[in-house]
Amino acid sequence: MLVTTCLMSLVIVLCWRKSVLLAIAFVVFFGAIEALYFSASLIKFLEGAWVPIALAFIFMMVMYIWHYGTLKKYEFDVQNKVSINWLLSLGPSLGIVRVRGIGLIHTELVSGIPAIFSHFVTNLPAFHQVLVFLCIKSVPVPHVKPEERFLVGHVGPKDFRLYRCIVRYGYHDFHKDDLEFEQDLVCSIAEFIRAESTKTKGSKNDPCKDNDEKMTVVGSPSTHIDSIRMCQDTEDQDQELPETSQLKEIRSPVITARKRVRFLLPESPKMEDGAREELKDLMEAREAGIAYILGHAHVRAKQGSSWFKKLVINVGYDFLSRNSRAPIYPLNVPHASTLEVGMIYHV
């Protein structure tokens, strides 16, 4: 409680932009009350007051273990990022079969290619034709303007069809459901493709610039009147069942619904052929569906670590990670479209 009071004084000065005297008065008033509780526990320590001090020590150890394990996990992600040169050596097909659809790879990194991607590529023979490295960040503001919600950029050359999308939410923002979020995400990528086409129109394409991750702020479709809209239609297809000796009495057709996706382009300068081809690939991938690829990391202490580090990581942090609440966004992901990729982090 005393530490929280001290941190609250920083919030008053840095976030609320209030006077330093108000922060000092806050610390003196509430800190004096908490100091009385703490001093009373010290005086009566041998008579039973050791219990709240022991509980405070346990809570402090839990927070330290969680902070230490999370920090080591993030450092592993940063140190084991895949280089862009490795990606370029694979070619536009990434060295594997590209199947129809959009793959959303959730990652905490805002730059670089996560290690979970290389782990996936080296163990599975196929990947989606459009890949999006999706990073959802909570920023320390109440609300993020809809026109500043998405940050979109290319990862590698445009022919690879790899994108990075950073979605920013404030702590009071409402997270949309999966269908509306998917539509906003695809439209933001399409709007980014159109914006990049108008910027580079008339200029020579430099292949060296394709390797740089330049993020562009793209709002949701509802923020701009002249933005790209996505229209989804459902058409029914009749499929006749094959006539065999067992099925010759059955004549009714099987009706399957196929989703058709169309982009409604606003009146704007004519786009170049490369951008139109990129939009076409995105449209076809959206028709095939979206798969959510979530990384599931198992953190372990590497060989040669001290017994204390092994105890903290292999026992303490593993227990907390298995019994703590998961982030909010995986809870909103449709389970039928979810794929978890497990990977062991040796920290």
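Within the stretch 294-303, restricting attention to residues that are in contact with a helix residue (DSSP H, G or I) (Cβ under 7 Å, 6 or more places away or on another chain) and at pLDDT 85 or above, which residue is surrounded by the most Cβ atoms within 10 Å (Cβ to Cβ)? This residue is 301.
What do you reckon, is residue 313 modelled with pLDDT of 60 or more, surrounded by 11 or more Cβ atoms within 10 Å (Cβ to Cβ) and touching a Ser or Thr at 6+ places or on another chain (Cβ under 7 Å)? No: the conditions fail for residue 313. Does residue 10 satisfy the criteria of being modelled with pLDDT of 85 or more, outside the structural domain of residue 318 (by TED's automatic domain parsing) and out of contact with any strand residue (DSSP E or B) (no Cβ under 6 Å at 6 or more places or on another chain)? Taking the combined requirement at face value, the residue satisfies it. Against the condition modelled with pLDDT of 65 or more, in contact with a helix residue (DSSP H, G or I) (Cβ under 8 Å, 6 or more places away or on another chain) and under 25 Å from residue 188 (Cβ atoms), how does residue 288 come out, does it pass? Spelling it out, it is not the case that residue 288 is modelled with pLDDT of 65 or more, in contact with a helix residue (DSSP H, G or I) (Cβ under 8 Å, 6 or more places away or on another chain) and under 25 Å from residue 188 (Cβ atoms). Is it the case, given these coordinates, that residue 88 is modelled with pLDDT of 80 or more and surrounded by 14 or more Cβ atoms within 10 Å (Cβ to Cβ)? For residue 88, the condition - modelled with pLDDT of 80 or more and surrounded by 14 or more Cβ atoms within 10 Å (Cβ to Cβ) - is not met.
Rundown of residues vs (1) touching a helix residue (DSSP H, G or I) at 6+ places or on another chain (Cβ under 7 Å); (2) touching a residue at least 24 places away in the same chain (Cβ under 8 Å); (3) surrounded by 12 or more Cβ atoms within 10 Å (Cβ to Cβ), yes/no style:
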{"residue": "10", "(1), (2), (3)": "no, no, no"}
{"residue": "15", "(1), (2), (3)": "no, yes, no"}
{"residue": "20", "(1), (2), (3)": "yes, no, no"}
{"residue": "26", "(1), (2), (3)": "yes, no, yes"}
{"residue": "30", "(1), (2), (3)": "yes, yes, yes"}
{"residue": "51", "(1), (2), (3)": "no, no, no"}
{"residue": "59", "(1), (2), (3)": "no, no, no"}
{"residue": "73", "(1), (2), (3)": "no, yes, yes"}
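Here residue 46 meets each of (1) in a helix (DSSP H, G or I); (2) touching a helix residue (DSSP H, G or I) at 6+ places or on another chain (Cβ under 8 Å) with one exception, condition (2). For the stretch 125-135, the criterion of being surrounded by fewer than 18 Cβ atoms within 10 Å (Cβ to Cβ) and touching a strand residue (DSSP E or B) at 6+ places or on another chain (Cβ under 9 Å) is satisfied by at least one residue.
The values are calculated or read from the model by the stated rules, or taken from the named source; none is laboratory data. Just so we're clear, the structure is a prediction, and the values are computed from it rather than from any experiment. So basically every Cβ, Gly included, is an ideal-geometry build from the backbone, and we count neighbours across all protein chains shown.
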